[in-house]
Every structure is written in C-alpha cells, then in structure tokens.
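These notes are about the structure you will find just below.
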Amino acid sequence: MKVRKAVIPAAGYGTRFLPIAKAVPKEMLPLVDKPVIQHVVEEAVASGITDILIVISRSKRAIEEHFHPAFELESELLGKGRMGDLEALKEIQNMARIHFVWQARMGGLGDAVMHAREHVGDEPFAVLLGDTVVTTKDASRTVTRQLADIVEARGGSAVALQEVAAEKVGRYGILGGEELSPGLIRATQFVEKPKVEDAPSRLAVSARYVLSPAIFECLERTPPGKGGELQLTDAMAMLMKSEPLFGLRYDGKRHDIGNKLDFIKANVEFGLEREDIGSDLREWLVGVIGK
Ligand code: G1P
C-alpha cells in the first residue's frame, strides 16, 4: 500500500530553546528565510506525500498562519509586481493538503501520534518530527521516501537510524537487531533513552518514521514510559513482536533545530548553499574566524 499521509508532531514546548520558544514555535524559527516546518513539509511532499496532519498546541498558532492562504498579502505583492515573492507564498499553499489537530496536554510523542488515529485510518503513514530537517545528497531520495520504499516493498514499519557517540545514546530511541543488507536492519530490540550499558547498539532513531496503522492499537495498550510520557518507541517495541520493524541507517544529515548550537550551525550550512548569499557569507565567516 502506498504511503500517502504524513503526521508532523509540532506541539512540544521547546524547553531546549527558551526564551524564544515561549511565544514563537521552535518549528517557525527560520532556516535562512523559510521556517523549519516548511522544510519538513517540503521533504514530505518530495517523498510523495499528498496529505499532511500537523499536531499543534497552544502558542503554536503561527504554524497554522504560515500555511493559511493570505489573499490580502498576495494582492499587495501582485499590485507591486513582486512576482517572485508571490510565487513563494503561493507555493506554500499548493504543496499538499494540510490539516491540523490540537494536542491539549503534552503527553509525549506517542500521545501526539495517537492524535492522528482518526485522520490516518487504516494505512501506513510517515511521521516527521517538526523540529528536525533531514537532508540527503540526492534531494529526490529523501529519507522519508527511502523508508516508504521499504514499507511498500516489505510491509511493517521502518525508522531512520544514525550512529551516535556512546555518551549520547541516553538521548534517543536506540534500536538493535540483525543487519539484512548493508544499512538495513531488522529490529529485535528497541529502547527509549537507555543507559549506555543497557543500550543494544549505538543506532539512534532520528526523527523520521514510516509506521503501520497497527501502531495505534499498540499505543493504546502501552503504559507511560520514560518521563511518565507515552513513548512511541515503547509502542513500536510492542508492534515489533507481531510485524517486522526495519531500521535504515541512512546517508545524510540531521539538523535538530530544537537546540541552539545545531540551529546556528544549520543556518550557516543552509546559508552557504544559497546562490544569493552563499559567497558573501563564506567571505564574512572567513573574516570572522580569521580574527
Ligand atoms: C524523540 C524520540 C526518540 C528519538 C528522538 C529523535 O525524543 O522519543 O526515540 O530518538 O525523538 O528523533 P525527543 O527528542 O523528543 O526527546
């Protein structure tokens, strides 16, 4: 079955990015001139997704505004002949069908995904964390597309993996299993934020999933886990017993915008890639670092 729908959890408080994240959703912080969540939506669309559900909460209204048609602004730009800006605005609305659902209480990533149950129904779906941009060398082979290919061919679910340093395993969902072919792992263990001595590997789940709809039943039966929250990892560990769970060790880059240093690094990297400002930025950086 084709993967057509995606869920983007974007309700979290953003406590790693205060004070800015108090009133400005971290997902609306810019990567050069586009909010992070637009990059995430573009990745979903480039992966063949046509329907997106964004999970939001109070103080995240700016996300809705961003994807809402803005007729007054459009006619103003048209009147002034600013066709490039007009196109950029229209592009946002034409990307996919975008829907919103409210998560009232911060009950964890599993709870956020549970809010998508009605919308998703009985088909496999992608989950893309709204504060993380994942890039690949070949932009048409997004990580989400690669995960969807696995699920469409083999069934079950698939998650994106990156190897992390031993001291960082406690920050991630860590997966262990058998390597079927280079980079493709069939999971036998999946633990949320383990101690390094209990971790089955150093392969960390990294912000992209394609899940079987059977995950909802597992979420329903999963008790609160780490931090008293409903953990998606725990529900997937349950699902793994009845359906295959694959991990894909991908070749690409993860930019976690929810923390300050990575946010600044990502802006520099994306800025350097830009035709309009890249070379000026490079020259300026060399000057600053040279001092
Ligand atoms: C969440 C997941 C975790 C995953 C991580 C990065 O953790 O619970 O399994 O490894 O995202 O994708 P969080 O960063 O929300 O604490």
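Values quoted throughout were computed directly from the atomic coordinates according to the rules given, and no laboratory measurement underlies them. Being a predicted model, the structure only gives us computed values, none of them experimental. Note that each Cβ is placed from the backbone with ideal geometry, even for glycine, and that neighbours are counted across all protein chains shown.
Taken together, 157, 181 contain a single residue that is more than 16 Å from residue 208 (Cα to Cα) and of a type in the set (Ser, Thr, Tyr), which is 181. Under the condition of being surrounded by 14 or more Cβ atoms within 10 Å (Cβ to Cβ) and not basic (Lys, Arg), the residues counted in the range 156-187 number 19. Filtering the range 16-46 to residues that are more than 17 Å from residue 264 (Cα to Cα) and not charged (D, E, K, R) leaves 23, 38, 40, 41, 44, 45, 46. Taken together, the residues in the range 191-234 that are touching a residue at least 40 places away in the same chain (Cβ under 8 Å), surrounded by 15 or more Cβ atoms within 10 Å (Cβ to Cβ), part of a helix (DSSP H, G or I) and of a type outside the set (Val, Ile, Thr) amount to 4. Residues of the range 208-246 that are away from the ligand (no atom under 16 Å from the Cβ) and of a type in the set (A, V, I, L, M): 214 alone. Annotation note: of 139, 148, the sole residue that is part of a loop (DSSP other than H, G, I, E, B), among the hydrophobic types (A, V, I, L, M, F, W, C) and more than 14 Å from the ligand (Cβ to nearest atom) is 139.
Screening the candidates 6, 21 for the property of being farther than 18 Å from residue 115 by Cβ and not aromatic (Phe, Trp, Tyr) yields one hit, 21. In the range 159-175, the residues that are touching a residue at least 12 places away in the same chain (Cβ under 8 Å) reach residues that are acidic (Asp, Glu) and within 9 Å of the ligand (Cβ to nearest atom) with C-beta atoms within less than 6 angstrom, at least six apart or across chains, in these pairs: 173/192.
Candidates in the range 1-58 are the residues that are of a type in the set (D, E, K, R) and part of a helix (DSSP H, G or I); of these, the one that is surrounded by the fewest Cβ atoms within 10 Å (Cβ to Cβ) is 22. Among the residues of the range 122-129, is any under 16 Å from residue 63 (Cα atoms) and not in a helix (DSSP H, G or I)? Yes, because at least one residue in the range 122-129 is under 16 Å from residue 63 (Cα atoms) and not in a helix (DSSP H, G or I).
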